[in-house]
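The values are calculated or read from the model by the stated rules, or taken from the named source; none is laboratory data. Keep in mind it's a predicted model, so treat the numbers as computed, not measured. Every residue, glycine among them, receives a Cβ derived from its backbone with ideal geometry; neighbour counts consider all protein chains shown. Heavy atoms of the whole protein, side chains included, go into the accessibility calculation; ligands, DNA and RNA do not. Shrake-Rupley method; radii C 1.70, N 1.55, O 1.52, S 1.80 Å.
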Amino acid sequence: MPAAPARTWTAPPYYDLRSNLRVLRRGPYDPCYRTEGGAVWRTTRTPEGPATLRLTAQAAGTEVHAEAWGPGGEWALDRLPALLGAEDDPSVFTAHHRLTREAHRRHPGLRLPRTGLVMEALIPSVLEQKVTTHEAYRAWRLLVRRYGERAPGPHDGMYVMPDSRTWCRIPSWEWHRAGVDNKRSATVIRAAQRAARLEEASSMELSAAMARLQLIPGIGPWTAAETLQRSNGAPDALTVGDLHLPRIIGYSLTGARDTDDDGMLELLAPYEGQRHRAARLILMVGRAPARRQPKFPIGDIARL
């Protein structure tokens, strides 16, 4: 096999490759993402076609070496710095709480990745609506393995997510078999039918990008924020409408157990422009209150 195209990026001090890219993984068995030894393997569907990246941190974490395979490999390498967080500027963050100050000190290498690919982040975010992460990760894994394609390169068992046309052609019973209800599958299909317009959001300012995504019925603020955190590396794309995040933020900063979205927004108001980064830092060192309610039930619509 000929040598794969490669590129090395000089990272800032204390850079943590695996920690920074972990937000792109959809569960421990994501067919598009693997960590093995010191390497991160990631597949992606670029405008030029499928690609596989193998990323390794070298020189005490200050260099990241990338190899690429597939027709989209050069595209992926061209955008490697953005993927690794080179366009993110944590120096503009100012801590307003003791906890965020401590988290910022303990994690100076945190960078927000920017994939530049909206659909890649949007579809699994839609699958995560109103279900447990276990159910969403299972659906993503089953659908990608069945309708995606084998990833280019030497890693066996990895897949590239389906293209937009294929998402639109998945039969209703296959969505059902994967545990995806009609509302979520219809949202994915509507988004895939307008993929070109949605991909334009990757180069928009946050407010315009949020508005563009929410033009699709079934995509609300929660899904739009979860998408733009990854595709745009948006430091202010705070997730609103989450079952757990407000309670974790509130408990970590004030000790209150039942903080809602309004309370979370009030607590994070001093971080406007950096609210997603603040939330990431709090999640790294904060803690959740003891559970007072039963876990969200796991459904199995395939048995209905």
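Checking every one of the trypsin sites (Lys or Arg not before Pro) in segment 197-260 against DSSP loop status and a limit of 13 other Cβ atoms within 10 Å picks out Arg257. Shape index of segment 197-236: Rg/Rh, with Rg the Cα radius of gyration and Rh the Kirkwood radius from the inverse mean 1/r over Cα pairs, equals 0.90. Glu266 contributes about 140 Å² of solvent-accessible surface, heavy atoms of the protein only, 1.4 Å probe. Evaluating kT/(6 pi eta Rh) at 37 °C and 0.692 mPa s, with the Kirkwood radius of segment 1-72 over Cα pairs in the Stokes-Einstein relation, gives 254 µm² s⁻¹. For segment 46-145, the fraction of alpha-carbon pairs lying more than 16 Å apart is 71 percent, rounded to a whole number. Ligands, DNA and RNA left out, the 1.4 Å accessible surface of segment 79-230 is 49% carbon and sulfur atoms.
Per residue, segment 93-178 exposes 47 Å² of accessible surface when a 1.4 Å probe is rolled over the protein heavy atoms with every protein chain present. For the chain, the alpha carbon positions stretch 54, 54, 35 Å along the principal axes, listed from largest to smallest. Between segment 1-70 and segment 201-234, the C-alpha centres lie 24 angstrom from each other. Multiplying the residue separation of Leu283 and Thr254 by 0.36 nm and subtracting their alpha-carbon distance yields 9.0 nm.
Only DSSP H runs of four or more residues enter the estimate; each adds -39500 (n - 2.57), and after division by the residues of the chain the mean residue ellipticity at 222 nm equals -11500 deg cm²/dmol. Note that segment 154-240 carries a Kirkwood radius of 14.2 Å, evaluated over its alpha carbons pair by pair.
Where the alpha-carbon atoms of segment 58-216 are placed on the principal axes, they occupy 50, 39, 30 Å, in descending order.
For segment 235-243, 3J(HN,Hα) computed residue by residue from phi via the Karplus equation (6.51, -1.76, 1.60; θ = phi - 60°) reads x, 10, 7, 6, 6, 10, x, 7, 5 Hz, glycine and proline entered as x. Extent of segment 75-131 along its three principal axes (Cα atoms, max minus min coordinate, largest first): 36, 36, 16 Å. Translational diffusion of segment 126-196, estimated by Stokes-Einstein from the Kirkwood radius over alpha carbon pairs at 4 °C in a medium of 1.567 mPa s, is 103 µm² per second.
Residues in segment 186-256 average 38 Å² of solvent-accessible surface per residue, probe 1.4 Å, ligands and nucleic acids excluded. Once backbone amide H atoms are built at 1.01 Å from N, Thr35 has Trp41 as its partners under 5 Å, excluding neighbours fewer than 5 places away on the same chain. Note that segment 9-14 has calculated 3J(HN,Hα) couplings of 10, 7, 8, x, x, 6 Hz, one per residue in order, obtained from phi through the Karplus relation 6.51 cos²θ - 1.76 cosθ + 1.60 (θ = phi - 60°); glycine and proline are x. Note on the chain: with charges restricted to the Cβ of Lys and Arg (+1) and Asp and Glu (-1), its dipole about the Cα centre is near 880 debye.
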